[in-house]
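The values are calculated or read from the model by the stated rules, or taken from the named source; none is laboratory data. Only a predicted model underlies this, so the values are computations on that prediction, with no experimental measurement involved. Quick reminder, even Gly has a Cβ in these numbers, built from the backbone with ideal geometry, and neighbours come from all protein chains shown.
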Amino acid sequence: MRLFVSVDLPPDLADDVASVQERFADTSGLDPTDPEHVHVTLKFLGEVSEARLGRVEDAVAAGVDRAEVEPFEATFGGLGVFPSLDYINVVWLGVSDGTDELVALHEGIEAETTAIGFSPEDNAFTPHVTLGRMRHAGGKERVQELVRETDPSAGSMQVDEVRLTESTLTDDGPEYETVAKFSL
């Protein structure tokens, strides 16, 4: 099973996320994510065998405990891209409040999952919600302009849990199923 650890945005923020995505509506080469399924990925684990699932759940639980984060408010706003404005793969919505808590959760989960054999992340962690992925550079200038010149917001939420989620890739996009929840 293909797994990741995340903070999932509630359904009531889907319209706010969709309104931010609308700014990119005519952007050539940009495939938007489904606003109903957006989340902040804390750790992508990749393929995990059923036999290893219990150990993964224990590691995520230990990582959440290690972070020592109480429930908090996260506010979403601002735009960015990965890896850079010169070469765009991902367009994202940032986190303006709650960043420190999300980083602490990532670091705790990263430490515990690395301890059981998962590879550490190559890049610094930037809390974000993926708005879309670039298939080709046709709309690169439009994305650059929007990232440089706009600062949209997409609401706030109370973060009180982290989820371990299975992602199944289909022709219609990924399908997500929660495997386990971990309260803060």
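Numbers for the structure displayed
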read-out: Residue selected from region 71-89 under the condition of a type in the set (A, V, I, L, M) and buried (at least 16 other Cβ atoms within 10 Å of the Cβ), by the criterion farthest from A124 (Cα to Cα); value: A74
read-out: Odd one out for V17, checked against (1) surrounded by 16 or more Cβ atoms within 10 Å (Cβ to Cβ); (2) closer than 18 Å to D160 by Cα; value: (2)
read-out: Scope region 131-160; condition free of Cβ contacts under 8 Å to residues at least 40 places away in the same chain and closer than 30 Å to T113 by Cβ; matching residues; value: none
read-out: Single unsatisfied condition, L146 versus (1) within 28 Å of S49 (Cα to Cα); (2) surrounded by 15 or more Cβ atoms within 10 Å (Cβ to Cβ); value: (1)
read-out: In region 42-59, the residues that are among the hydrophobic types (A, V, I, L, M, F, W, C) and either surrounded by fewer than 20 Cβ atoms within 10 Å (Cβ to Cβ) or touching a helix residue (DSSP H, G or I) at 6+ places or on another chain (Cβ under 6 Å) (or both); value: L42, F44, V48, A51, L53, A59
read-out: Condition met for V7 (under 18 Å from S119 (Cα atoms), at pLDDT 95 or above and β-branched (V, I, T)); value: no
read-out: Of all residues making up region 20-41, the number that are surrounded by fewer than 19 Cβ atoms within 10 Å (Cβ to Cβ) and part of a loop (DSSP other than H, G, I, E, B); value: 7
read-out: Check on A124, out of contact with any Pro (no Cβ under 7 Å at 6 or more places or on another chain), modelled with pLDDT of 95 or more and of a type in the set (G, A, S); value: no
read-out: Subset of region 145-182 that is of a type in the set (A, V, I, L, M) and over 16 Å from the mean Cα position of the chain (by Cα) - its residue that is nearest to T27 (Cα to Cα); value: L146
read-out: Selection within region 44-94 - assigned to a loop (DSSP other than H, G, I, E, B), in contact (Cβ under 8 Å) with a residue 60 or more places away in the chain and within 25 Å of Q158 (Cβ to Cβ); value: V69, E70, P71
read-out: Filter pass, V162 being surrounded by 18 or more Cβ atoms within 10 Å (Cβ to Cβ) and under 18 Å from V5 (Cα atoms); value: yes
read-out: Residues located in region 103-138, provided they are exposed (fewer than 15 other Cβ atoms within 10 Å of the Cβ), on the phi < 0 side of the Ramachandran plot and over 15 Å from the mean Cα position of the chain (by Cα); value: A115, I116, S119, P120, D122, R135, H136, A137, G138
read-out: Contacts under 7 angstrom Cβ, first residue in region 1-18 being closer than 11 Å to V179 by Cβ, partner part of a loop (DSSP other than H, G, I, E, B), 6 or more apart; value: M1/V48; L3/V48
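To keep it simple, each residue is scored yes or no on (1) of a type in the set (S, T, N, Q); (2) part of a strand (DSSP E or B); (3) under 21 Å from F72 (Cα atoms).
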position	(1), (2), (3)
E112	no, no, no
S119	yes, no, no
D122	no, no, no
V129	no, yes, yes
G132	no, yes, no
D151	no, no, no
S156	yes, yes, yes
